[in-house]
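All remarks here apply to the structure that follows.
Since every read-out is calculated from the coordinates, none of them should be taken as a lab result. If you're wondering where the values come from, they're calculated on a predicted model, not measured in any experiment. Cβ sites come from the backbone with ideal geometry, for glycine too, and all protein chains shown count toward neighbours.
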Amino acid sequence: AINVAKKLLAKKITVYTISPVNVAGAKQIETLEEINKIKLDLVITLGGDGTTLRVFRNLANETPILTINVGGNRGILAEITIEEIDEAINGILKDKFFLDKRTRVTASCGGKEFPPALNEIYISRTNLTKTAQIEIKFQNDTVKQKMDGLIVATPSGSTGHSFSLGGPILHESLDVLIITPVAPVYRLASLVVPDEKIEIICSQDCNIAIDAQVVKSVGYEEPIIIKKYKSSAVFIRLKKRGLRQMSKLGF
């Protein structure tokens, strides 16, 4: 991170770093949440997909992010490796990039909206000794069945937990959501629906996991509303690829 900041400063770019990263010539902010108070042209993340998800969860607007994979993992969401940073900076300064907008979703309960998710929202029963009955309301239809939980995934999240449960892989640009049941008593396939409001009611107390990083608790039979977030997640892209996430999985 320090080396990347120094490269940007050398090109007379105003740079902010987040504590504990401290670089001479750069302005420092203490917490990730503070980036919403600053007008930024670009955010750069270094790490794995978990880092990218955390930044997008705390970014309320559509400031684009350049994702750099560091650490040896696949980096499904990453655009470049650290070895490609010089080429990337030069390309961005010459406007040789494009913006890739992705759907985010948010869950709310009792009038309180939780942070947005780029990949998925996972609703699971807290009592592991009894199967929950989950009711899904979408448009004018209702599906009710006993199951362990439910995943609502975005196209970006279609290569994540939903895929592990047999869900489809979607092109990242589609304006849809995937509803994937977790261990339903009777076979129930994933549903691909328009990215409109989904209401979920669970017969037991449940947890809401946001991109597998933040967990919120909800009481039984409290309606959970899942809908498209007000702003997209925006990636800086240097190369055009179709189904880029699927290619990272080795298909």
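Taking the Cα centre of region 105-228 as reference, the dipole from Cβ charges on Lys and Arg (+1) and Asp and Glu (-1) amounts to some 300 debye. In the chain, the DSSP-assigned H stretches of four residues or longer account for a calculated mean residue ellipticity at 222 nm of -4000 deg cm²/dmol, using -39500 (n - 2.57) per stretch and the full residue count as denominator.
Each residue, Asn207 and Ser247, gets one label point 7 Å from its Cα in the Cβ direction; the gap between the two is 3.6 nm.
Note on region 115-176: percent of Cα-Cα distances in each 10 Å bin, starting at 0 and stopping at the bin with the largest distance, equals 20, 42, 35, 3.
Between Lys12 and Glu199, what is the FRET efficiency for a Förster distance of 45 Å, r being their Cβ-Cβ separation, to the nearest 0.05? After rounding to 0.05, the efficiency reads 0.30.
Residue by residue, region 148-160 carries 3J(HN,Hα) couplings of 7, x, 8, 10, 10, 10, 8, x, 4, x, 5, 9, x Hz when phi is fed to the Karplus relation 6.51 cos²θ - 1.76 cosθ + 1.60 (θ = phi - 60°); x denotes Gly or Pro.
Here region 11-59 and region 112-128 have alpha carbon centers that stand 26 Å from each other. Summarised as an ellipsoid, region 105-228 has semi-axes of 20, 16, 14 Å, derived from the eigenvalues of the Cα gyration tensor scaled by 5 and square-rooted, with the largest first. With loop membership from DSSP and a limit of 16 other Cβ atoms within 10 Å, the longest segment of the chain without trypsin sites (Lys or Arg not before Pro) is 131-186. Around the Cα centre of the chain, unit charges on the Cβ atoms of Lys, Arg, Asp and Glu (plus for the first two, minus for the last two) sum to a dipole of about 460 debye. Legend: calculated FRET efficiency, Glu221 to Leu174, from the Cβ-Cβ distance at R0 = 35 Å, rounded to 0.05, equals 0.65.
Computed over the Cα atoms of the chain, pair by distinct pair, the Kirkwood hydrodynamic radius stands at 19.3 angstrom.
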